[in-house]
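Step one of this worksheet: look at the structure below.
The values are calculated or read from the model by the stated rules, or taken from the named source; none is laboratory data. Small disclaimer: the values here were computed from a predicted structure and weren't measured. Backbone-built Cβ (ideal geometry, glycine too); neighbour counts: all protein chains shown. The accessibility values were calculated without ligands, DNA or RNA, using every heavy atom of the protein model including side chains. Shrake-Rupley method; radii C 1.70, N 1.55, O 1.52, S 1.80 Å.
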Amino acid sequence: MIRTRRVGAARAATRRVGAACAATRRAGAGRAARVLLTALLLIPLAACGSGTRAGGATGKGSPAGFPYTVTNCGVKTTFTAPPERAVTMNQHVTEILLALGLQDRMAGTAYLDDEILPRYRKAYNDVEVLAGKYPSKEVLLAANPDFVYGGYASAFDKTEGRDRTALEEGGVPTRLNLESCTEHADIATLHREIRQVARVFGVPERGEALIEAQDEQLAATAKRLEGTEKTRAFVYDSGEGSAFTAGGAGIGNEILRRAGARNVFADVDKPFADVSWEKVVQRKPDVVVIYDYGGTTLAQKKKRLLRDPALADVPAIKHKRFAVLPLSSAVLGPRVPDAVDDLARQLHPRRKGA
């Protein structure tokens, strides 16, 4: 397992295993009932210091605003102090902490899908990268975390010894991004994610400031798109024998809707799902939104679609109409307003202000 501080090495490792990213989200797209895992025994962390409580507090008393109790994806945790050694697994949750200015509270991070946003890069480079993909249990615990934050349910893989129950029983509180356990993720879900994370870290005012800025950006995009006819869109994430696409239950569907598109697979009640190419043909999308990440390049994905004779009469393929989003922009994280604005400009370039 890779252990490095530099983003370049981690990104290279991510590219080498790009095909595994879709499988990661396939595993992570289930409901809460599937993400509540049974316990494995971990090495207790008592040796890390007596008196340690959830969130890393030591000694007597609790800081202002604590204790704080929150139930996240079926797991109830009481924090007596904000975390001081957080580890993030998956890019969108890493960027949530960076957006809140919490890089100084991060003991490590893992698993990029694509490049860190430029505005977060300097802060990210100060955080140790534990692994190109998910760290092993041993590497994770060696970072001495007092909080582990996962983006997909697969971050807490029981077979790898990282399940939430086991970590909690070992004295390490956890959080799973709400998209993995919410029936239909939308902007309100993003607000809740940011608010709860900011509250866990004792910086609720930063959460509110971030939400306010995001809402202003979303409102500006909505105003620009007033009166726009929605474009029929199909998301192509990956896949050969079938297409791995965005269903109607994830934030990806909300991004499409707010960007002036209608997801042709919005009726699929999952954030991500495999669909047959026959169904893609039947639903006749006018544009293909490609999620760009991992080892398969954007050019390769376009080539695969354009060279498939079965897709030749699909309007989007026939007219070579593509839009592109980085994968990390299409999941529940701080990039959502940017993604809405970016996609809207690609789908409706003639709108005033585009």
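For region 156-228, what's the relative contact order in percent, using C-alpha pairs closer than 8 Å and at least 6 residues apart?
Working: 28 pairs, mean separation 9.6, N = 73.
Relative contact order here is 13 percent.
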Projected label distance in nm at Lys320 and Ala220, using a 7 Å step from Cα toward the beta-carbon: 3.3 nm
Set of lysines with alpha-carbon distance to Lys223 below 21 Å, sequence-local pairs under 8 removed: Lys352
Rounded percent of accessible protein surface that carbon and sulfur make up, region 152-235, 1.4 Å probe: 50 percent
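Between Val281 and Glu212, 0.36 nm times their residue separation minus their Cα-Cα distance comes to what?
On the way: separation 69, 0.36 × 69 = 24.84 nm, distance 4.04 nm.
Roughly 20.8 nm would be gained on extension.
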Positive-end residue, region 60-170 charge dipole about Cα centroid, Cβ charges, pick of Gly161, Gly101, Pro67: Pro67
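Accessible area of region 263-344 with a 1.4 Å probe: how many percent of it is carbon plus sulfur? Don't skip to the answer; put the middle values down first.
Working: 1680 of 3430 Å².
Whole-percent figure for carbon plus sulfur exposure: 49.
What pairs from Lys284/Lys320; Lys279/Lys303; Lys230/Lys318; Lys133/Lys320; Lys133/Lys279; Lys279/Lys302 go past 23 Å between their alpha carbons? Each step should come with its number before you reach the end.
Working: Lys284/Lys320 13 Å; Lys279/Lys303 20 Å; Lys230/Lys318 19 Å; Lys133/Lys320 34 Å; Lys133/Lys279 32 Å; Lys279/Lys302 19 Å.
Among Lys284/Lys320; Lys279/Lys303; Lys230/Lys318; Lys133/Lys320; Lys133/Lys279; Lys279/Lys302, the Cα-Cα distance tops 23 Å for Lys133/Lys320; Lys133/Lys279.
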Relative packing of peptides 80-92, 210-222 - highest average C-beta neighbours within 10 Å first: 80-92, 210-222
Proximal lysines relative to Lys137, as straight alpha-carbon distance under 26 Å, when same-chain residues fewer than 8 apart are discounted: Lys76, Lys158
Contour excess over end-to-end distance, with Cα ends at Arg119 and Glu240 and 0.36 nm allotted per residue: 40.1 nm
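Only Lys, Arg, Asp and Glu count, each charged at its Cβ (+1, +1, -1, -1), so figure out the dipole size of region 257-354 about its Cα centre, rounded to 20 debye. Don't jump to the answer; show the numbers that get you there.
Details: 20 positive and 11 negative charges, 89 e Å.
Roughly 420 debye for region 257-354.
How much area per residue is accessible in region 249-340 when the probe is 1.4 Å and only protein heavy atoms are counted (Å²)? Show your work: numbers first, answer last.
On the way: 3720 Å² over 92 residues.
Ligands and nucleic acids excluded, the result is 40 Å² per residue.
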Efficiency of FRET from Cβ geometry, Glu128 and Arg351, R₀ 41 Å, rounded to 0.05: 0.40
Cα gyration tensor, region 191-256 - rounded (a/c under 1.5), prolate or oblate: oblate
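Which shape class applies to region 101-185: rounded if a/c is under 1.5, otherwise prolate when a/b exceeds b/c and oblate if not, where a ≥ b ≥ c are the square roots of the Cα gyration tensor eigenvalues?
On the way: a/c = 1.72, a/b = 1.23, b/c = 1.40.
It comes out oblate by the Cα gyration axes.
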Segment Lys76-Thr159, extension gain: residue separation times 0.36 nm, minus the distance between their alpha carbons: 27.6 nm
